[in-house]
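Q: Okay, handing you the structure first.
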Amino acid sequence: MNSPHSLVEGLENPSQVDLWLARESQWRDPALLDHFSGVLSADERARIAGMKFEAGRHQQFVSRALVRSVLSTYVPAVPPADWRFERGEHGRPSVACDMIEAARSLQFNLAHADGLVVMAVGRTPRIGVDVERIDGRVRLAVARRYFSTAEADALEALPANQRERRFRRLWTLKEACLKAVGTGIAGGLGGMTFHFEDDGVRFERASDPDASRWAFREFEVDGEFLVALACLAPDAPAVRLRDYLPVR
């Protein structure tokens, strides 16, 4: 007999993580918008309609429908419109506990910057993603407030022309980790330390007994965006970047 997890297509490896990319140029594609219009729930449509700014409404419309459409690529037995979600203590959404096991086994997280939406999907216990524009404004002066002492010291020791990129790397890694934990920035950016070493990133967080088990990956997308992935996986995660293509 097949296990329920065998119904999850494309994630047979429990440590596999996919990062789905949806670019702003797609958000205006009539075929994509027509497909998305029929998959949102009434509650989602009402929340989005109540948003003040048109750009925010459009981004949320695409983001929420993207989640449903992408999840159905892994569990085709569940149509996009039939996914149900619930929110944790800090508002993080997850698949509702009353859905079939193949659906409940999926973990996901969403991030967006001006021009790009990134969705991480896997079956690892915890998963988080963040994205920032490389050319976005960086306020190096806030490093002492938001980063650990070791991070701020290392940042200031770098040549001036390397500090902005290090700042962005630290910020995206921290956000991805806190989103994976489920707290968001409220969990404390300064309560963890990332050390950049020749063989990768080393992570320390005194309050986290699983600190040594976290895995982190970084990607540059289109030369414009920096993406960070955090996951608590049984093995080193195999990460795939996947483009979400509009429905034709």
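Q: Exactly one of these conditions fails for Val131: (1) over 23 Å from Leu229 (Cβ atoms); (2) in contact with a Phe, Trp or Tyr (Cβ under 6 Å, 6 or more places away or on another chain). Give me its number.
A: Val131 satisfies every listed condition except (1).
Rundown of residues vs (1) β-branched (Val, Ile, Thr); (2) under 24 Å from Leu226 (Cα atoms); (3) out of contact with any Asp or Glu (no Cβ under 9 Å at 6 or more places or on another chain), yes/no style:
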| residue | (1), (2), (3) |
| --- | --- |
| Ser41 | no, no, yes |
| Ala49 | no, no, yes |
| Phe61 | no, yes, no |
| Leu66 | no, yes, yes |
| Leu71 | no, yes, yes |
| Ala81 | no, no, yes |
| Arg92 | no, yes, yes |
| Phe108 | no, yes, yes |
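Q: Sticking with this one: Within the range 85-133, which residues are among the β-branched types (Val, Ile, Thr) and closer than 15 Å to Val8 by Cα?
A: Val95, Ile100, Val121, Thr124 - these are the residues of the range 85-133 that are among the β-branched types (Val, Ile, Thr) and closer than 15 Å to Val8 by Cα.
Q: Could you give me the residue pairs with C-beta distances under 6 Å whose first residue belongs to the range 219-248 and is closer than 20 Å to Asp29 by Cβ, whose second residue is assigned to a loop (DSSP other than H, G, I, E, B) and at pLDDT below 95 wherever it lies, and which are 6+ apart or on separate chains?
A: What qualifies is Glu224/Ile134; Pro246/Asp29.
Q: I'd like the residue in the range 13-43 that is surrounded by fewer than 12 Cβ atoms within 10 Å (Cβ to Cβ) and not in a helix (DSSP H, G or I) and, out of all such residues, is modelled with the lowest pLDDT.
A: For the range 13-43, the residue satisfying everything is Arg28.
Q: Now, a different point. Here is a check on your reading of the model: is Val62 buried (at least 16 other Cβ atoms within 10 Å of the Cβ), outside any loop (DSSP other than H, G, I, E, B) and in contact with a strand residue (DSSP E or B) (Cβ under 6 Å, 6 or more places away or on another chain)?
A: no
Q: Take Ala211 and tell me if it is under 19 Å from Val121 (Cα atoms), surrounded by 13 or more Cβ atoms within 10 Å (Cβ to Cβ), modelled with pLDDT under 90 and among the small types (Gly, Ala, Ser).
A: no
Q: (1) touching a helix residue (DSSP H, G or I) at 6+ places or on another chain (Cβ under 6 Å); (2) touching a residue at least 60 places away in the same chain (Cβ under 8 Å); (3) within 24 Å of Tyr244 (Cα to Cα): which one isn't true of Leu116, the others all being true?
A: (1) is the only condition that Leu116 fails.
Q: State yes or no: is Glu220 surrounded by 19 or more Cβ atoms within 10 Å (Cβ to Cβ), acidic (Asp, Glu) and in contact with a strand residue (DSSP E or B) (Cβ under 8 Å, 6 or more places away or on another chain)?
A: So Glu220 does not fit the description; no.
Q: How many residues does the range 207-222 hold that are of a type in the set (A, V, I, L, M) and under 13 Å from Ala176 (Cα atoms)?
A: Qualifying residue count, the range 207-222: 1.
Q: Related question: Restricting to the range 61-108, count the residues that are touching a helix residue (DSSP H, G or I) at 6+ places or on another chain (Cβ under 9 Å), farther than 30 Å from Pro30 by Cβ and of a type in the set (Gly, Ala, Ser).
A: Counting residues in the range 61-108 that are touching a helix residue (DSSP H, G or I) at 6+ places or on another chain (Cβ under 9 Å), farther than 30 Å from Pro30 by Cβ and of a type in the set (Gly, Ala, Ser) gives 5.
Q: Would you mind finding the one in Gly182, Gly88 that is under 21 Å from the mean Cα position of the chain (by Cα) and at positive phi?
A: Residue meeting the stated conditions: Gly182.
The values are calculated or read from the model by the stated rules, or taken from the named source; none is laboratory data. Quantities reported herein were computed from a predicted structural model and do not represent experimental measurements. Glycine also receives a Cβ, built like all others from the backbone with ideal geometry; neighbour counts cover every protein chain displayed.
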